[in-house]
1. Keeping the other protein chains in place, figure out the carbon and sulfur percent of the accessible area of the chain, with a 1.4 Å probe.
2. Taking the square root of 5 times each eigenvalue of the Cα gyration tensor, what semi-axes in Å does the equivalent ellipsoid of the chain have, largest first?
3. Tell me, what is the FRET efficiency for ALA82 and THR53 to the nearest 0.05, using R0 = 45 angstrom and their Cβ-Cβ distance as r?
4. Accessible area per residue, 1.4 Å probe, Å², for segment 195-316: what's the number?
5. For the charge dipole of the chain, defined by +1 on Lys and Arg C-beta atoms and -1 on Asp and Glu C-beta atoms about the Cα centroid, which residue among LEU142, LEU24, GLY268 has the Cα displaced farthest towards the positive pole?
6. Probe of 1.4 angstrom, ligands and nucleic acids ignored: what's the accessible area per residue over segment 104-149, in square angstrom?
7. Mind checking the full-extension length gain between THR137 and ARG41? Use 0.36 nm per residue of separation minus the Cα-Cα distance, one decimal, nm.
8. Only four residue types carry charge here, +1 at the Cβ of Lys and Arg and -1 at the Cβ of Asp and Glu. Report the dipole size of the chain about the Cα centre in Debye, rounded to the nearest 20.
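The values are calculated or read from the model by the stated rules, or taken from the named source; none is laboratory data. What you see is a predicted model; the values in this text were computed from it and never measured. Cβ coordinates were reconstructed from backbone atoms using ideal geometry, including for glycine residues, and neighbour counts include every protein chain displayed. Only protein heavy atoms, including side chains, enter the accessible area calculation; ligands, DNA and RNA are left aside. Shrake-Rupley method; radii C 1.70, N 1.55, O 1.52, S 1.80 Å.
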Amino acid sequence: MTARPQRMHRLAGVDIGTLTCRLLIADLPSAGPFKELRSERRILRLGEGVDQTKRLSSAAMDRVIQCLREWQEIIVTHQVDAATAVATSAVRDAANRDEFLERVKREAGFDVEVITGDEEARRTLLGIRSGLPASVTDVLALDIGGGSTEFILDRPGQHPVMRSIDIGVVRLGERLLRHDPPTDDEVHRAREWVARETKAAVADMGKFQAVTFVGTAGTITSLAAIAQELPAYEPARIHNYKLQLATILGLEHTLLSRKQADRVGLPGLEKGREEVIVAGAIIIRTVMETLGMSSVLVSDLGLREGVLIDLANRMR
């Protein structure tokens, strides 16, 4: 591997999500932006069925552990100073989470930290803040995951206000969107649920209409890619892209009018996200309408980057 300067940490972080698992290996200096060395993400659906059964299935655990074993080998070859792994909603909610964590430790060599919704929001904010334009100060950030969604209000000089709700693309789809494509009644009930939980989440946040609304994670980055009809994922064209509510309405209509099989190959839509993108579109549209937001600034940085920044801060 290439030599790295003094006071530079080479770190690896793994985010084990309800829908997607992500790996990031990067060099982090004591000041300034980090240098990405390796980045991967795989849609593995660890949280499949957890909303109903409260258990991680053997097949889902096997998929994730096989991926983590491969990533452990990659991490070793990069000779990192430290590595960390976190798990979110699916593992938080699973009655058999200890079995999963023990298997991950034994078979893949990771000590996984199961983080709360508030801690997930805190680290996500670290990632988002690391890539915002200098002109952006007051922020309301939205992180739509597979099992939960986090709201983060952050104003310089004030403690961030963080709220997590138990609605994510996998959970919403499994609980309410049973048909392909969803029926009007299913969509209506989904909107009602998202609107109700959104209002409760922001009830004590005060006035936030003047802040910059920022969105991160796969739903929002995918919609930004579809809006631009990108044939391949281009972080530089997605990061800090302004996605208009009017555009989201059009994309949602297109997605709801197609069956899952007919969404395959849609320019900009990541393979494996054909089923959950409808739930994601419903969530972001409903949240924006509930909050009175006309656009969202897309961040390609989030929890995965925040996990590394947090690890670097603790090492210092």
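1. On the way: 6660 of 13680 Å².
C and S atoms contribute 49 percent here.
2. Largest first, the chain gives 29, 24, 19 Å.
3. 0.80
4. Result: 42 Å² per residue.
5. LEU24
6. Numbers: 1670 Å² over 46 residues.
Per-residue accessible area for segment 104-149 comes out at 36 Å².
7. 31.6 nm
8. 460 debye
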